[in-house]
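As structure tokens, the structure follows; a few thoughts come after it.
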């Protein structure tokens, strides 16, 4: 997952160069104890990098590949971000909060086949397809283990 925080929304007519002039900070999910786990979300990496670099996020726009979790949303809001843009809808808790405030807004912009293809091309050109596949396998296995753990817990409690 990735996150990009800009100083202002970019107008549709902006050039690639002028767009990047607005970038305050960017980041991706990273492992902390294990490089294949997303222990530190992209949003938190951005907020921490901004703090470390003395970069203000007040009034900024955040572009995130997936909607933020509640923890990341709170940190973005508290750091001064005023607009979040992502590909999918928010969870109900954050949506309910947004209905009560005008200090931060959220936009979901559906993903397109064209943008998916563009991302795949970047990965292929990077030569890191093996890393991506290994991360996917490990993520899938972690989900299976978690599902099995929950099922064992239900059986132990006598829940069907």
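Throughout, read-outs are computed from the coordinates displayed, never taken from laboratory work. All of these numbers come straight from a predicted model, not from anything done at the bench. Reconstructed Cβ throughout: ideal geometry from the backbone, glycine too, with neighbour counts over all protein chains shown.
Sort the range 112-160 into rounded, prolate or oblate with this rule: let a ≥ b ≥ c be the square roots of the eigenvalues of the Cα gyration tensor; rounded if a/c is under 1.5, and if a/c is not under 1.5, prolate when a/b is larger than b/c, oblate otherwise.
Values: a/c = 9.64, a/b = 2.75, b/c = 3.51.
It comes out oblate by the Cα gyration axes.
Any idea what angle helix 42-53 forms with the longest principal axis of the chain, computed on alpha-carbon atoms, 0 to 90 degrees, nearest 10?
50
Please find, in a Gaussian network model of the chain (springs between Cα atoms separated by less than 10 Å), the residue of 141, 89, 149 whose mean-square fluctuation is greatest.
Largest GNM mean-square fluctuation: 149.
So what is the calculated 222 nm ellipticity per residue for the chain, using -39500 (n - 2.57) for each DSSP H run with n of 4 or more, over all residues, to the nearest 500 deg cm²/dmol?
Working: 6 runs with 77 residues, N = 160.
Taken over the chain, the calculation gives -15000 deg cm²/dmol.
For the chain, what is the relative contact order in percent, using Cα pairs closer than 8 Å and at least 6 residues apart in sequence?
Details: 203 pairs, mean separation 28.1, N = 160.
It rounds to 18 percent for the chain.
So how tilted is helix 129-157 from the main axis of the chain? Cα-based, degrees 0 to 90, rounded to 10.
Roughly 50 degrees between the two axes.
What's the angle, to the nearest 10 degrees (0 to 90), between helix 113-126's Cα axis and the longest principal axis of the chain?
That helix lies at roughly 80 degrees to the long axis.
Given the options 120, 98, 76, which has the most mean-square fluctuation in a GNM of the chain, springs set between C-alpha atoms less than 10 angstrom apart?
Maximum fluctuation in the GNM of the chain, among the listed residues, is at 120.
R0 = 45 Å: FRET efficiency of residue 58 with residue 155, Cβ-based, nearest 0.05?
Details: r = 51 Å, r/R0 = 1.13.
The calculated FRET efficiency here is 0.35.
Roughly speaking, what is the stretch gain from residue 74 to residue 129, that is 0.36 nm per residue apart minus the C-alpha to C-alpha distance, in nm to one decimal? Show your work: numbers first, answer last.
Details: separation 55, 0.36 × 55 = 19.80 nm, distance 3.31 nm.
Difference between extended and current length: 16.5 nm.
For the chain, modelled as a Gaussian network with Cα springs under 10 Å, which listed residue fluctuates most, 65, 79, 126?
126
Considering the values [x] 30, 17, 15; [y] 30, 22, 16; [z] 32, 15, 13, which represents semi-axes √(5λ) of the Cα gyration tensor in Å as calculated for the structure under consideration?
[y]
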